[in-house]
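These notes concern the structure reproduced below.
The values are calculated or read from the model by the stated rules, or taken from the named source; none is laboratory data. Note that the coordinates shown come from a computational prediction; the quantities given were computed from them, not determined experimentally. No Cβ is skipped: glycine too gets one built from the backbone with ideal geometry, and neighbour counts run over all protein chains shown.
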Amino acid sequence: MVVLASAVGFASPATAQVATSAEYSAPTHVIDGELVLARPAALTTGLSSGVGSSYLRRLGSSGTFAWGARASWSRATEYSLTETVRDDEIRMRLCAVAQHLAGRGWFGLRLGLGATAVHESRTRAQGTRLGLTGSDLEQASWYLFPAADLDGIVFLRVWNAWGMSLAGGPTVHLIDGAASAGWSTSLGVSWQP
Amino acid sequence: MATLMQSLLPLVLATWLGCGKPVGLDAPVTPLVQIHVQTTWHVSGSDGEGDPLDGGAQMPDSGIGDLHLHVALVWGQQWLPEPFCVLNQSVELVSALPADLKNVVDSGCRDSFGFIPDSAGADAILAPDGSATISVISLPHADLMVGDLTSRIGYASLVVYDDRNLDGLLNFRHPERQRGDSNTGNDAGVSDSPGFPDVVYGASFISMTQPDRRVAYLEGAFNPDVAFYPRGPRGACPAPPDKFSILSASGFSLTPETLASIASGEFPLEQSCDTAPIDDTIVIALNENPAGLPAFSELACTTNDNGGTTFYRRPPTTLDLTDRTWACASFPRLLGDDAGVPSGEQLVLASTPNQACRGTVHYSLRGCNNDPACTTPSWDYTAPTRRPSWWPCAPPQ
């Protein structure tokens, strides 16, 4: 917040004027690049971390609703006594957002529906020491799960069209016919032309 | 195109609907190798092996009720016996030791050529027919192997034991700790293994002086110069294959000649040695009454010091020698040791029968913990006025 305040405080008068004029209207487009932390979709433990991007477009002139899409890649690596398991997750969502303008930014709820593709690779611990090769050493496969997210989001315009975003909330995956709850968070830099 | 779509659609839908589950951390454990063991009774008075275990749960005449027999893969450690033991055991081969010294050596020293366990790896329960299959899921750590990255090897013995405390593991004990100034407290001769210590009934590798079948794990090229449980002199036995294998050796007889050969750096020739793939079955003869066999009980004993170092203690003010096996002995003179051997005698106490592992405790009237001939002694009780009244050995001249 200190950095944020400094950035705002040292903005030029012209910049401040632009920023002030933007306070009262939601941006038409928001493009976001973000760091993602989430509970792994398929692993029972660990933390999946990676990067993502999202796009939102305002619906109507009031700015109360928006729609868009999100995609992220993250990876979780966990170790058992006999294996190293690495899950790469690609989360793809179509989003609907209900938002409320407040000062220099806006906050809201984002509902995402889509799928998560998981590429799981398992490597036999100490397999290379023993000279294992092929499937004895490593196995990998793809999975695709339906998923839904409900995120609380905050966008804050910091300088001209640039701002930051913060989002987080519960996630549900449908894995092998059963719902699996999780969570995901993101911290990003947004561009709101 | 429509046909292709019709055939792919159910698959895509099934996938998207979450059919199929990643294995994650719940994958069934696939062993790296499996080791097959078959146990037999050792029939007293015969030189062969007896029948396979019948029933497996009751050992006749053992008097200890039901047995919970397991077999463990036990990796061995590199170990040097302490000079007092190896020198007196050598002397014993050519001449009779004084009775008190012989008693200390016999009850306090372990087999200088025995297999010394370091840690237990995989473990399996013995089936009623006396067989077991050990699933090895991890390789021996580097500290269990001798050599560098390009050439290192580890050896393991398969130890059959009664899991007395039912924890599913072979619990190792250790000899009386030597670090300390006095023979008090926990070192006062009580058993150092509270509870119910596991009892060893047999092993595939007990000593280099007995026939053995051992599990070997080799990484890189085999270095025949490594004197780590060697099977005869350099080049006498074929090099073990890469990774896991089963090696066998007939063992050598301990005679003055073989001892001289070992002292000169050359291990004696063994009658036979062999190499087998790891999926071969290892037969282990079990002894009905292992309680009286120290070679078996020592297989559940690690060491306090694997470098052959003797730790000398400062004599305490009082020490009751009534129920202890002790002897006065000169300080060991090793090959090439032409200085620094003090005069006088040390007092050596053997471990007591109720201690789980063999060991010795050394007292010196003068010296340091690691050297009784150090120039600046940590203690000096050689003067008659300072000497403990109970000290039974000859003082330095």
**Study point:** Odd one out for residue B:397, checked against (1) on the phi > 0 side of the Ramachandran plot; (2) out of contact with any Asp or Glu (no Cβ under 9 Å at 6 or more places or on another chain)
**Key:** (1)
Review point. Do the conditions hold for residue A:151, that is, is it within 11 Å of another protein chain (Cβ to nearest Cβ) and modelled with pLDDT of 95 or more?
Key: no
Point to revise | Conditions (1) away from chain B (no Cβ under 14 Å); (2) under 13 Å from the mean Cα position of the chain (by Cα); (3) not polar (S, T, N, Q); number of the one not met by residue A:159 | key: (2)
Exercise for review: Taking the residues in the stretch B:194-237 that are over 25 Å from residue B:89 (Cβ atoms) and among the aromatic types (Phe, Trp, Tyr) as candidates, determine which candidate is surrounded by the fewest Cβ atoms within 10 Å (Cβ to Cβ).
Suggested key: B:196
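Quick grid of which residues meet (1) farther than 25 Å from residue A:161 by Cα; (2) more than 9 Å from chain B (Cβ to nearest Cβ):
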site	(1), (2)
A:58	no, yes
A:64	no, yes
A:78	yes, no
A:82	yes, no
A:85	yes, no
A:106	no, yes
A:117	yes, yes
A:122	yes, no
A:142	yes, no
Exercise for review: Quickly run through the stretch B:253-275 and pick out the residues that are surrounded by fewer than 15 Cβ atoms within 10 Å (Cβ to Cβ) and touching a strand residue (DSSP E or B) at 6+ places or on another chain (Cβ under 7 Å).
Suggested key: B:274
Practice item. Of the numbered conditions (1) over 27 Å from residue B:163 (Cβ atoms); (2) within 14 Å of another protein chain (Cβ to nearest Cβ); (3) of a type outside the set (A, V, I, L, M); (4) touching a residue at least 60 places away in the same chain (Cβ under 8 Å), residue B:241 fails exactly one; give the number of that condition. Key: (4)
Check your understanding: Looking at the stretch B:138-168, which of its residues are surrounded by fewer than 22 Cβ atoms within 10 Å (Cβ to Cβ), among the small types (Gly, Ala, Ser) and touching a residue at least 60 places away in the same chain (Cβ under 8 Å)?
Key -> B:138, B:147, B:151, B:168
Check your understanding: Is the stretch B:99-121 home to any residue that is at pLDDT below 95, within 14 Å of another protein chain (Cβ to nearest Cβ) and under 30 Å from residue B:281 (Cβ atoms)?
Key -> yes
Practice item. Spot the failing condition for residue B:305; the list is (1) closer than 30 Å to residue B:261 by Cα; (2) part of a strand (DSSP E or B), and only one is missed. Key: (2)
Review point. Just checking, which of B:135, B:182 is at pLDDT 90 or above, surrounded by fewer than 20 Cβ atoms within 10 Å (Cβ to Cβ) and either out of contact with any helix residue (DSSP H, G or I) (no Cβ under 8 Å at 6 or more places or on another chain) or not in a loop (DSSP other than H, G, I, E, B) (or both)?
Key: B:135
Check your understanding: Across the stretch A:162-176, what is the total count of residues that are more than 17 Å from the chain's Cα centre (by Cα) and in contact (Cβ under 8 Å) with a residue 24 or more places away in the chain?
Key -> 3
Practice item. Could you please let me know if residue A:183 is more than 10 Å from chain B (Cβ to nearest Cβ), in a strand (DSSP E or B), in contact with a strand residue (DSSP E or B) (Cβ under 6 Å, 6 or more places away or on another chain) and under 16 Å from residue A:72 (Cβ atoms)? Key: yes
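Each row is one residue, and each column tells you yes or no for (1) exposed (fewer than 14 other Cβ atoms within 10 Å of the Cβ); (2) at pLDDT 95 or above; (3) acidic (Asp, Glu).
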residue	(1), (2), (3)
A:39	no, yes, no
A:46	no, no, no
A:54	no, yes, no
A:60	yes, no, no
